[in-house]
1. Looking only at segment B:164-184, which residues are charged (D, E, K, R) and within 8 Å of another protein chain (Cβ to nearest Cβ)?
2. Within segment B:75-95, which residues are closer than 14 Å to B:PRO302 by Cα, touching a Ser or Thr at 6+ places or on another chain (Cβ under 8 Å) and not β-branched (Val, Ile, Thr)?
3. Looking at A:VAL81, is it away from chain B (no Cβ under 11 Å) and either in contact with a strand residue (DSSP E or B) (Cβ under 6 Å, 6 or more places away or on another chain) or of a type in the set (A, V, I, L, M, F, W, C) (or both)?
4. Wholly within segment B:61-165, which helices (runs of 4 or more DSSP H) include no fewer than the required count, namely at least 3 residues that are under 30 Å from B:THR470 (Cα atoms) and modelled with pLDDT under 85?
5. Against the conditions (1) away from every other protein chain (no Cβ under 12 Å); (2) outside any helix (DSSP H, G or I), where does B:ASP193 fall short? Just the number, please.
6. I need the full set of residues from segment B:89-125 which are surrounded by 23 or more Cβ atoms within 10 Å (Cβ to Cβ), of a type in the set (Gly, Ala, Ser) and more than 21 Å from B:PHE372 (Cα to Cα), in order please.
7. Enumerate the pairs (first residue in segment A:153-164 and farther than 11 Å from A:LEU101 by Cα and within 14 Å of chain B (Cβ to nearest Cβ); second residue anywhere and in a loop (DSSP other than H, G, I, E, B) and modelled with pLDDT of 80 or more) with beta-carbon separation below 6 Å, excluding pairs fewer than 6 apart on the same chain, so at least 6 apart or on different chains.
8. Scan segment B:126-142 residue by residue and report those that are surrounded by 15 or more Cβ atoms within 10 Å (Cβ to Cβ) and under 30 Å from B:ILE305 (Cα atoms).
Amino acid sequence: MRRLNHDTVIAIFLILASGVLFWSTFSIRSPDYGVLAPSAWPRGIIIALAILSVIYLIQSLRREPVEGDVPKHPSGIKAWVVYWHNPIICFGLFFAYLITLPILGSLIGGVLFVFSLMCAIGGIAPRDVMSHAVLALVTVGGMWSIFTFGLDVILPTGVIFSPF
Amino acid sequence: MVIENVLAAVNELATLQTVLLMMIGVAGGLIAGAIPGFTIAMAVVLTLPFTFGMPAAQGLATMVSVLVGGLSGGLMAGILTGIPGTPSSVATTFDGFPMARSGRPGLALGIGVWSSFSGGIISAILLMTLAPQLARVGLEFQPWDYFMLVMFALTITASLAGKHLVKGLIAGVVGLLVRAVGEDEAVGMARLDFGSEALLQGFDFIAVLIGLFAFSQLLHDIRDPKEARKTLSERGAVNVEIEHLAAIREIAKHWTLLIRSSLIGVFTGVLPGAGGSIANILAYDQAKKTSKTPEKFGTGTPEGIIAPESSNNAVEGGALMTLMALGIPGDVTAAVMLGALLIHDVVPSPTFIAEEPVLAYSIFIAFFVATFMMLGLQSVMLRVFVMVTKIRMYMLAAIILGFCGIGVYAINNVDLDLWTLLWFGILGFVMRHYGFPLAPMILGVVLGNIAELNLARAVAISTDLSPFVTRPWALFFLIVAGFSAAFPIYQAHRGRKKWTLFYLPMACFATAVPLVMMGGIPRPVLAAVVVAFGAYTLWRRAQSGWNLNPDEAEDLEIIEG
């Protein structure tokens, strides 16, 4: 049997997701008024998604993967992590930024996020760290000032700044 | 009436603050457009959070300025480094870079700048004159027609994915589904929320756009550690002076090419989903085919710069025309502009220009003025571009991600939007990686509720579903949607299979039917012209013995390449 390709896996996932979503539409309440039930539109979309996913699955099983469609990945967990290092770091740091936002606020959190992302991708040589710190402070501080003082937007202050 | 509206709009925009904001917008757009990997749509979407606190006309003028700047910024990187700043300036590099390398970078830049300017002005004039006429046509649309128009927009956008048509359609449907999450707009019932408070509120449309487009694009750009640490200046020399006079002389010699390419741009922009990335290649291809010296293309000929640069700037006039007259965005950038209008509680529709004339004319005038500003600022921004090229890619990405973290929160002051940004950033990144086009998904997100509301209205008027295929406009959009969905299959088999010889004539005959049904005089006459063209094509093919033309297939492959 031929090895499952990426397209096949994605198509199967989409078909399963369509099933789960379609099942969830049965819990949508219908009011006594109005002609188009609130569940009608999502159901129509999900049916279309399921049909397209089946076509996608059939296509993926019938044809050989086209060279260059999807970049080749290195095999093995270590190589995979090395290949995806930058996006993983980026998502991880943004996740940490969001988790710590209520504590650090958007100014400190933003500066730390930009600084740590630059260091994680660009390296931690003393000269680089210095330029990363200055850039993070100036740019995030500048944007924070524009929104806070220029546009009167109340950004999250965090527990550190909240007494002020 | 028009003069009154123009004067009122000028009065609205003629404040020092607005002019300054527009200049900053054009300058920012020029730089964003010049940085490879930073698309115009990304620049416009990132401007959105700044504008929500401004008056509608000022905010929209700022965004239009970023858009106009971005359209012209791509040529700087394309000509000087050989790497197009945006997909809209890919064809500019074909002749711009060779001309720069042969010792005339100033002339190449000058031709690019003046072609962009001329394309923008032609497009602005057409936008101002044709949008109100198109809106009059739009007034004929009933909910059935609108619903089918949205379906057509999604289908044609997906069909531009070429051999990935199914992936494009899936992306469009996923976009519609994303918009369906939360309370439905008609009766306020919870849908697809799985009992979650967060999902019940639905996804903020701007956070979704920034996540899908900007966040995922930035991660894509810095995926490779070596590329992430590179600076743009490592790739070419960038210190030059623009030769304005010599450029104007060259453009004057090729004024017909300039006008034709601009018209190609406007027409491409009017089509939903087709943007500058297609227009510049189409215009380049047409310029080469009609040139007296086609063999010079690719070696640094001025025609090879005039065609793509005038067409890509003209695109947005066309895209804004469809947006302002029909409420349907012509491309991803126009979809973001639609988001900007919605933030200011303005819903574009055929009545928009009539009901909000000052705002509509403010957008027209901003487009016009920003094009002049672009011309003036290009030389100054070239120096800034030289400085920006010294910054490493990962630094720019980190700073912009930091901005996303502040800007997205600022729109609604809700933490949840930041999580939406993250999840859709991941989704967009994964989709990009596996070859799913994002444009249909973005249009799906933007058009989802328009489609649903019109479906609900249609069903509320009558439970009979036959108007979806019997009303002339609905049938027209259904037919063109069908043919556009079949287009990638036609492209794949053109010149190889006999049935492809009938595709164009059949499309002509089929579209003539609803045109005749519309009645009056001009439309049946147009239908007769379309049928005559279809019959002539069929006759010519019959005369040639139903021969498949391998040259045509080759041409198409070149365009696709």
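The values are calculated or read from the model by the stated rules, or taken from the named source; none is laboratory data. Please read all numbers here as calculations on a predicted model, not as lab measurements. Please note: Cβ atoms are built from the backbone with ideal geometry, for glycine as well, and neighbour counts cover all protein chains shown.
1. As a first pass, look at segment B:164-184 and keep what is charged (D, E, K, R): B:167, B:179, B:183-184.
Across segment B:164-184, the qualifying residues are B:LYS167, B:ASP184.
2. Initially, segment B:75-95 is screened for residues closer than 14 Å to B:PRO302 by Cα, giving B:75, B:79, B:91-95.
With the extra rule that they be touching a Ser or Thr at 6+ places or on another chain (Cβ under 8 Å), the set shrinks to B:75, B:79, B:95.
Result: B:LEU75, B:ASP95.
3. Details: away from chain B (no Cβ under 11 Å): yes; either in contact with a strand residue (DSSP E or B) (Cβ under 6 Å, 6 or more places away or on another chain) or of a type in the set (A, V, I, L, M, F, W, C) (or both): yes.
Yes: the conditions hold for A:VAL81.
4. So the answer is B:105-138, B:143-159.
5. Every condition holds for B:ASP193 apart from (1).
6. Residues satisfying the conditions are B:ALA91, B:GLY96, B:ALA100.
7. Filtered contacts from segment A:153-164: no entries.
8. Taking segment B:126-142 first, the residues surrounded by 15 or more Cβ atoms within 10 Å (Cβ to Cβ) are B:126-128, B:130-132, B:134-135, B:138, B:141-142.
Matches in segment B:126-142: B:LEU126, B:LEU127, B:MET128, B:LEU130, B:ALA131.
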